[in-house]
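Inspection log for the structure reproduced underneath, given as structure tokens.
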Amino acid sequence: MLATIVLLCSAVSLISLLILHFVSPEFKPSWRMISEYALGRHSWLITTFFITWGLASITLALALWPEVNSFWSETGVVLVFISGVGAILGGIFDVKHKHHGLAFGLGIPSLPVGSLLICYHIIDMGKWKPEKATILFSTHAVWISLLFMAVSMILLMSGYKKTGLPMGPGIEPPKALPNGVIGVNGYFNRLLVICYILWLVVIANVLR
């Protein structure tokens with residue numbers, strides 16, 4: 001039952017994100033971050049996206065707890081739970097809120113570490129072994145997607161700095177990407193979300 005809830009919440013989260021691309025086309029997916037949809041007219045959709053993503057992560061952590069039996073794998077499950085809390089806070093504290101950075105700090109870095117700790121504990125055990133390749137692929141996709149997004153954000157910020165654009169908390173991004181600034185961070189932000197949620201789906205599907 002918990003695994004089914006994970007799959008349902010993951011589906012609602014991804015569908016909410018997909019709809020946002022059609023109802024808020026002013027946010028160019030190449031360089032506008034997903035959180036910025038909260039600045040548009042359909043903020044309830046981005047709230048739904050974050051909260052259902054967070055519920056999927058928390059529910060998966062609860063489902064995984066009986067499956068692990070070592071200190072490090074249990075630590076991994078706790079990190080998955082924390083990732084879910086961070087995602088829910090991302091919905092409650094949107095990009096305009098001073099605590100949105102805290103939500104990011106809890107939600108994004110914790111899953112790559114947690115998924116690796118869990119993955120290498122379960123892949124050679126019982127029902128997990130036949131899905132070893134899929135679990136490994138989805139697990140490594142998580143940290144690789146985070147690395148790509150980090151590099152793309154560095155490129156964007158360095159471009160902003162060269163143009164003299166103000167940066168920092170509370171400052172809204174420009175309406176258009178300035179000339180000479182490399183803006184692909186939005187694509188990698190979306191790739192990260194897909195990889196993070198894909199991992200939840202892969203693990204939940206085995207648990208079913």
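The values are calculated or read from the model by the stated rules, or taken from the named source; none is laboratory data. Computed from a predicted structure; not experimentally measured. So basically every Cβ, Gly included, is an ideal-geometry build from the backbone, and we count neighbours across all protein chains shown.
Annotation note: of 161, 129, the sole residue that is over 19 Å from the mean Cα position of the chain (by Cα), assigned to a helix (DSSP H, G or I), closer than 23 Å to residue 32 by Cα and without any contact (Cβ under 8 Å) to a residue 60 or more places away in the chain is 161. Residues that are assigned to a helix (DSSP H, G or I) and of a type in the set (D, E, K, R) were ranked within the stretch 41-92; the one that is modelled with the lowest pLDDT is 67.
Within the stretch 172-189, one or more residues are under 30 Å from residue 65 (Cα atoms), surrounded by 12 or more Cβ atoms within 10 Å (Cβ to Cβ) and modelled with pLDDT of 95 or more. Among all residues of the stretch 101-114, there is at least one that is out of contact with any helix residue (DSSP H, G or I) (no Cβ under 9 Å at 6 or more places or on another chain), at pLDDT below 95 and not β-branched (Val, Ile, Thr).
Per-residue answers, yes or no, for (1) farther than 30 Å from residue 208 by Cα; (2) of a type outside the set (A, V, I, L, M):
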site	(1), (2)
95	yes, no
125	no, no
131	no, yes
138	no, yes
141	no, no
152	yes, yes
156	yes, no
164	yes, yes
174	yes, yes
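If the condition is being under 15 Å from the mean Cα position of the chain (by Cα) and in a helix (DSSP H, G or I), then the stretch 13-36 contributes 13, 14, 15, 16, 17, 18, 34, 35, 36. Taken over the stretch 37-54, the criterion of being among the small types (Gly, Ala, Ser) and either in contact (Cβ under 8 Å) with a residue 60 or more places away in the chain or within 13 Å of residue 107 (Cα to Cα) (or both) is satisfied by 54 alone. Answer with yes or no whether residue 114 is in contact with a Gly (Cβ under 6 Å, 6 or more places away or on another chain) and either loosely packed, with under 14 Cβ neighbours inside 10 Å or of a type outside the set (Asp, Glu) (or both). Here the answer is yes, as residue 114 does meet what is asked. Screening the stretch 190-208 for residues that are within 18 Å of residue 27 (Cα to Cα) and touching a Ser or Thr at 6+ places or on another chain (Cβ under 8 Å) and picking the one that is surrounded by the most Cβ atoms within 10 Å (Cβ to Cβ) gives 192.
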